[in-house]
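All remarks here apply to the structure that follows.
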Amino acid sequence: MTSTPDGGLSKRRRMGTSPEEETTHIDFNADAVAVAVPPSVAAPPAAATTAPVVAPAAAAQPAAAAAASAAIPIRYGFRADQTAKKGSVKKFAFSKILLNMATRGLFKRLSKLKNAEIPKDMNITEPSFVKYCLELADFIAATDDDDNEFKNKIAFLSQCNDNSNQKELEDAADFVQNRCLTTLNTLMPPSGNREPEVFVGATGPRVRSYKKRIKAAKKLGESPKDINMIRLSDLEVLEHERVRDVE
């Protein structure tokens, strides 16, 4: 095809493409490569699919990005591929999440753990389950006046800094996890003879189920995540009153 001053560009416009489409961006989650197609270059013959034009500069990208691009289809990109591989909280122990968030300083200056943001790069597919577990820890700290050790562990995790002892942080996270599991076994005993699990994927739904009991007893319309936890003794009183009203 013979190029004309307007050649390729006029052909693109007649086909309904805008001038902005003359630049192609390829994201490898590293260095973006911009390939400019000058107007003087004739457009390829019309076809169902036109392959993207890649400049030689793409060959000079870092080795890590090149390896990633070779393994992952360009149409998805590295970032999207990582998202597709997100881990389920079913195999995340609550103590590990506590430790991860504490060492990032995500609990600092917060009155409640549940107010902390769940980092996207933790690849948590069900962040609400993490929130339920954090809320359980907040509930224990607020209602158990005799358990100062638990409150001290929470405070230690919340005040974590670069000088904090790693072993002490791990012990504090384990302590909080085990205390939460013990309390939850009282609030919502595990069904059958199943051994209680420390994974957030198992603990979070049990906290949610307890909050659903509160919702039913109080006849609330809110979602369980928006309902405050109450003591088991108070819940049982409400449930007893509801049964009596029905009778």
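A few remarks follow.
- The range 170-225 shape via C-alpha gyration tensor axes, a/c threshold 1.5: prolate
- Relative contact order for the range 100-247: 23 percent, from Cα pairs under 8 Å spaced at least 6 residues apart, divided by residue count.
- Listed cross-link partners 114/153; 112/167; 131/215; 151/219 are compared with a 20 Å cut-off, the Cα-Cα value being larger for 112/167; 151/219.
- Mean Cβ count within 10 Å, highest first, over the residues of peptides 151-158, 119-126: 151-158, 119-126
- Potential lengthening between residue 222 and residue 195 on full extension [0.36 nm per residue; Cα-Cα distance subtracted]: 6.6 nm
- Translational diffusion coefficient (Stokes-Einstein; Kirkwood radius from C-alpha pairs) of the range 130-247 at 25 °C, 0.890 mPa s, in µm²/s: 157 µm²/s
- One Cα centroid belongs to the range 166-203, the other to the range 92-118; the line between them spans 16 Å.
- Shape of the range 207-247, Cα gyration tensor, a/c cut at 1.5: oblate
- Surface share of carbon and sulfur [accessible, 1.4 angstrom probe, percent] for the range 133-247: 45 percent
The values are calculated or read from the model by the stated rules, or taken from the named source; none is laboratory data. If you're wondering where the values come from, they're calculated on a predicted model, not measured in any experiment. Glycine also receives a Cβ, built like all others from the backbone with ideal geometry; neighbour counts cover every protein chain displayed. All accessible areas refer to the heavy atoms of the entire protein, side chains included, with ligands and DNA or RNA removed. Shrake-Rupley method; radii C 1.70, N 1.55, O 1.52, S 1.80 Å.
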